[in-house]
1. Kindly establish whether G171 is at positive phi and surrounded by fewer than 20 Cβ atoms within 10 Å (Cβ to Cβ).
2. If you go through the stretch 213-225, how many residues are assigned to a loop (DSSP other than H, G, I, E, B) and within 14 Å of the chain's Cα centre (by Cα)?
3. Which count do you get for residues in the stretch 1-15 that are free of Cβ contacts under 8 Å to residues at least 60 places away in the same chain, assigned to a strand (DSSP E or B) and surrounded by 14 or more Cβ atoms within 10 Å (Cβ to Cβ)?
4. Which of the residues belonging to the stretch 146-198 are among the acidic types (D, E), touching a Ser or Thr at 6+ places or on another chain (Cβ under 6 Å) and farther than 21 Å from K43 by Cβ?
5. Looking at the structure I just gave you, is L181 modelled with pLDDT of 90 or more, among the aliphatic types (A, V, I, L, M) and out of contact with any helix residue (DSSP H, G or I) (no Cβ under 9 Å at 6 or more places or on another chain)?
6. Take the stretch 42-78 and flag every residue that is surrounded by 17 or more Cβ atoms within 10 Å (Cβ to Cβ) and at positive phi.
7. If I ask for residues that are outside any helix (DSSP H, G or I), in contact with an Asp or Glu (Cβ under 8 Å, 6 or more places away or on another chain) and not hydrophobic (A, V, I, L, M, F, W, C), which ones from the stretch 159-212 would you list?
8. Report the residue count in the stretch 102-133 for those that are more than 25 Å from L178 (Cα to Cα) and without any contact (Cβ under 8 Å) to a residue 24 or more places away in the chain.
Amino acid sequence: MSAHLLVSDLSASPGSRTIFSDLSFNLAPGDLVGLVGANGAGKSTLLRILAGLLEPESGRVQVSPASATIGYLPQEPRRSPANHGHEQLADPDIEAYLARRTGVGPAEVEMYAAADALGDASPGAADRYEIALQTWLSLGGADLAERSHDALAAVGITVGLDTKMSSLSGGQAARVSLAALTLSRYDIYLLDEPTNDLDLASLERLEQFVISLRAPVIMVSHDREFWLAPPTPSWS
């Protein structure tokens, strides 16, 4: 799907400090935007507003088409409890983590809820189920389990999908996060410091993935080398 992110006159002032005002831009398919700034400048706040998780003080964020999926992938250095659909996982395993980060887990929960409503003949249930099913399919739910093994092997993770995230080292967790990113099939990507804790080989893989995306991307990173010397994309 070709998706656009349209931002008009956006302002945010948490507390008494204005972090940005009258911000307007259009993000189109193929756009790759690097968001840079000092710690605490509001980069993550902006991404959360664009993802619909925070309300701006003023302005508007539109996604076109309205059915486009947004992948907001923040840092998770402490591998804290993950909200996987309606189930609170105190210590998620890799499989649950991948499902959540790719959006497949929440989409699957909604699909099952829509199926239940369909069985109860609830008003609008047929439309709800069709939308939920198409979202789950577009996010790659049908073959996520099969693709997960290859994606993990590609980043050097050899433990099973039932391995708890809390048992991984910081570097391993970062590589699992990279695997989740390469497995994802969002229409718009908002990436918050995805280069953290990655080794050189993993950074190369991240660069190749990001530069080859046809979807719009906004990425926060303090890694200047990433922006100064991106690799040539491979379209094969």
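The values are calculated or read from the model by the stated rules, or taken from the named source; none is laboratory data. Nothing here was measured: the structure is a model prediction, and the numbers come from that model. Note that each Cβ is placed from the backbone with ideal geometry, even for glycine, and that neighbours are counted across all protein chains shown.
1. no
2. Selection size over the stretch 213-225: 3.
3. 6
4. Within the stretch 146-198, D187 is the sole residue that qualifies.
5. no
6. Those that are surrounded by 17 or more Cβ atoms within 10 Å (Cβ to Cβ) and at positive phi: G42, G59.
7. Within the stretch 159-212, D162, T163, K164, T195 meet the criteria.
8. Within the stretch 102-133, residues that are more than 25 Å from L178 (Cα to Cα) and without any contact (Cβ under 8 Å) to a residue 24 or more places away in the chain number 20.
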